[in-house]
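Notes follow once the structure below has been shown.
The values are calculated or read from the model by the stated rules, or taken from the named source; none is laboratory data. Everything quoted here is computed from the prediction, not taken from an experiment. When we count neighbours, we look across all protein chains shown, and the Cβ atoms used for this are built from the backbone with ideal geometry, even at glycine. Protein only, heavy atoms only, side chains kept; ligands, DNA and RNA dropped before computing areas. Shrake-Rupley method; radii C 1.70, N 1.55, O 1.52, S 1.80 Å.
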Amino acid sequence: MPFITVKQLAGRTEEQRAEIARALTDAYARATGLAADKIWVAIEEVPAENWAIGGETLAARARTAAGPGGAAD
């Protein structure tokens with residue numbers, strides 16, 4: 001039984017997560033011929049303070065981009 005794991009930043013809606021699971025399941029089923037009910041999908045949401053690129057968390061990058069007292073785009 002295939003198990004697809006998606007790690008993404010937190011903040012997607014329940015509807016968006018469901019659509020991601022449906023789309024991945026459909027794509028895998030089409031590519032392999034496997035029945036959709038045999039395909040498992042897990043979506044793990046990671047807070048920005050726990051996700052880093054180049055040694056800097058995304059939360060810190062957002063604060064830097066916002067500048068002093070400002071909000072990030």
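Sequence gap at least 6, Cα distance under 8 Å: using those rules, report the relative contact order of the chain to the nearest whole percent.
On the way: 73 pairs, mean separation 25.3, N = 73.
Once divided by the residue count of the chain, the mean separation gives 35 percent.
Comparing Ala21, Ala62, Ala42, which has the greatest mean-square fluctuation in the GNM of the chain with Cα pairs linked when under 10 Å apart?
Evaluated over the chain, the most mobile residue of the options is Ala62.
With θ set to phi - 60° and the Karplus curve 6.51 cos²θ - 1.76 cosθ + 1.60, what are the ³J(HN,Hα) couplings of segment 50-63 in order, to the nearest whole Hz, using x for Gly and Pro?
These are the phi-based 3J(HN,Hα) values: 10, 10, 10, 10, x, x, 10, 5, 5, 5, 5, 4, 5, 5 Hz.
Taking a virtual spin label 7 Å from the Cα of Ala59 along the C-beta vector, which residues in segment 28-51 bring their backbone nitrogen under 18 Å of it?
45-51
Heavy atoms only, 1.4 Å probe, whole protein assembly: order Asp26, Asp37 by accessible area, highest first. Don't jump to the answer; show the numbers that get you there.
Numbers: Asp26 80, Asp37 115 Å².
Accessible-area ranking of Asp26, Asp37, largest first: Asp37, Asp26.
For the chain, modelled as a GNM with alpha-carbon contacts under 10 angstrom, which of Thr57, Thr32, Thr13 fluctuates the most?
Top of the fluctuation ranking is Thr32.
Please work out the Cα convex hull volume for the chain and give it in Å³ per residue.
On the way: hull volume 8.5 nm³, N = 73.
Hull volume over Cα atoms, normalised by residue count, gives 116 Å³.
For the chain, report the accessible area per residue in Å² (1.4 Å probe, heavy atoms, rounded to an integer).
Working: 5280 Å² over 73 residues.
On a per-residue basis, the chain sits at 72 Å².
Between Ala66 and Ala18, with labels modelled 7 Å along Cα→Cβ, what's the label distance in nm to one decimal, could you check?
3.2
Taking the Cα centre of the chain as origin, work out the dipole magnitude from +1 charges on Lys and Arg Cβ and -1 charges on Asp and Glu Cβ, in debye rounded to 20. Could you put the intermediate results ahead of the total?
Values: 8 positive and 10 negative charges, 34 e Å.
That gives a dipole near 160 debye.
Relative to the longest principal axis of the chain, what angle (0 to 90°, nearest 10) does the C-alpha long axis of helix 14-32 take?
40
For the chain, build the charge dipole from Cβ charges (+1 Lys, Arg; -1 Asp, Glu) around the Cα centre, then report which of Pro68, Ala31, Ala52 sits farthest towards its positive end.
Ala31
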